[in-house]
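J.: Got a structure for you, questions after.
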Amino acid sequence: MEEHRSQLATIQEEFKAQLRTEWTRKVACERECDPDAECVCQRHFIHTEKLESWMNRQDSEDLPNTKASRLLAELHDKIKNHRVFGLPLDSAPIFTGENRSLIMFSMLLDQDRGDLIDIFHNVKMCDKYLDASEELYKAFRPALQKKLQEIGRSDSEVNEIIETVGRERWAYCSPVGQFTLHMDTNFEGGKAVMPFCRRMRVNNKGGTASVFWVAVQEDLIKDQKLRAALGKSLYPDPEFGPCYQMALKSYREEMKTFFDGEKEAFSGLKYDPDTHIVRYLGSYSHNNGDKTDGKTYNLLLEFGEKDLEEYCADLTNVPPVRASEIIRFWESLFEVATAVEKIHNLSIKQGSRTSHYNG
């Protein structure tokens, strides 16, 4: 019995150590707490790809079972009274297939409630519903309450369990996998955690929108086209390692008309290699669930260190002197003017047909 308890502590401790040190990623404050050291948001997300890889790895102490299967088996004594799957426990229905609950099991383990996985799985609260809207998650509540009460949990315990899962689940379903070149994604209806490890307002720029410099860790971007587009922005962050930089232009809900117009203009130029303005990378809408922040509409753009006004005002820039330098300066400036003209007189080819937009 003592050896069994020691094994349980060891495998659970190993899991929690990996969760804290390898899979948990800190994200930047979205409320711009100042100073940053006093930020109480403390938001983060879990790198679920690495988590799943570890959980599906064969366990050296319990071949040929996986680490997930061993963790489940070690909880046998607590789970056996539930009798949802019968005895002996079969991990296949929980960890494989369309209705698998591997990530749900991991979240419950972190809360020291791994023995409740059969309850959640039995009411269909599985991985594919982790990012369900708040309304849909509430629809699971009656069935969860009933099952938890049937195994002797008090009303206060039931409420705490359901509320904790409802709050913590967002860390396990970060939308980072959906970050692709020219993405156009809706993250509304929930509290999706954006994967930006750095987020800093840029000189209060933007009249109808707020402009931020953002960074995301290199290993989180999987889309090869987006990686290629961001290649030159890679920099070594002292805390987060290699990171890509982008500009985030964020519009509040009442400014959606301006967002739509700018998005349309950038989208029309995204395949034009001769347009010398910051590159359009994608867009998304987002509602983090905080009523004070509300819904935002966001453009992801190539990050430029300075705009034209800042470049001209920078006293460290040596003005062009030689004829070739003067010509090169004005040619580059004309390229910017040409790009602005294209935005206001947009032509988009669609097969043999060309559509023209003026504005």
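The values are calculated or read from the model by the stated rules, or taken from the named source; none is laboratory data. This structure is a prediction, so every number in the text was calculated from the model and none was measured. All Cβ positions, glycine included, derive from the backbone under ideal geometry; neighbour counts span all protein chains shown.
J.: For residues in region 247-305 being over 19 Å from Leu226 (Cα atoms) and in a strand (DSSP E or B), which is modelled with the lowest pLDDT?
T.: Asn287
J.: Going residue by residue through region 197-216, is there one that turns out to be within 20 Å of Thr48 (Cα to Cα) and either free of Cβ contacts under 8 Å to residues at least 12 places away in the same chain or in a helix (DSSP H, G or I) (or both)?
T.: no
J.: A follow-up question, please. So, in region 136-159, how many residues would count as being over 19 Å from Ile103 (Cα atoms), part of a helix (DSSP H, G or I) and touching a residue at least 24 places away in the same chain (Cβ under 8 Å)?
T.: So the answer is 2.
J.: Next up: Considering each residue of region 165-198, count those that are hydroxyl-bearing (Ser, Thr, Tyr) and in contact with a Phe, Trp or Tyr (Cβ under 6 Å, 6 or more places away or on another chain), and give that number.
T.: 2
J.: Restricting attention to region 72-87, does a residue exist that is part of a strand (DSSP E or B), touching a helix residue (DSSP H, G or I) at 6+ places or on another chain (Cβ under 9 Å) and at pLDDT 90 or above?
T.: no
J.: Moving on. When the residues of region 33-58 are narrowed to those that are at pLDDT 80 or above and of a type in the set (Asp, Glu), which ends up nearest to the chain's Cα centre (by Cα)?
T.: Once the filter is applied, the top-ranked residue is Glu49.
J.: Between a residue in region 217-228 that is assigned to a helix (DSSP H, G or I) and any residue that is surrounded by fewer than 13 Cβ atoms within 10 Å (Cβ to Cβ) and at pLDDT below 95, which pairs come within a Cβ distance under 7 Å, given they are 6 or more apart or on different chains?
T.: none
J.: Could you list, in sequence order, all residues of region 160-190 that are in a loop (DSSP other than H, G, I, E, B) and either over 10 Å from the mean Cα position of the chain (by Cα) or more than 18 Å from Leu136 (Cβ to Cβ) (or both)?
T.: Hits for region 160-190 are Ser174, Phe179, Thr180, Leu181, His182, Glu188, Gly189, Gly190.
J.: Right, here's the next one. So, in region 191-206, exactly how many residues are among the hydrophobic types (A, V, I, L, M, F, W, C), at pLDDT below 90, under 16 Å from Ile46 (Cβ atoms) and over 8 Å from the mean Cα position of the chain (by Cα)?
T.: Residues in region 191-206 being among the hydrophobic types (A, V, I, L, M, F, W, C), at pLDDT below 90, under 16 Å from Ile46 (Cβ atoms) and over 8 Å from the mean Cα position of the chain (by Cα): 0 in total.
J.: More than 15 Å from Ser283 (Cβ to Cβ), among the small types (Gly, Ala, Ser) and assigned to a loop (DSSP other than H, G, I, E, B): is that true of Gly231 in this structure?
T.: no
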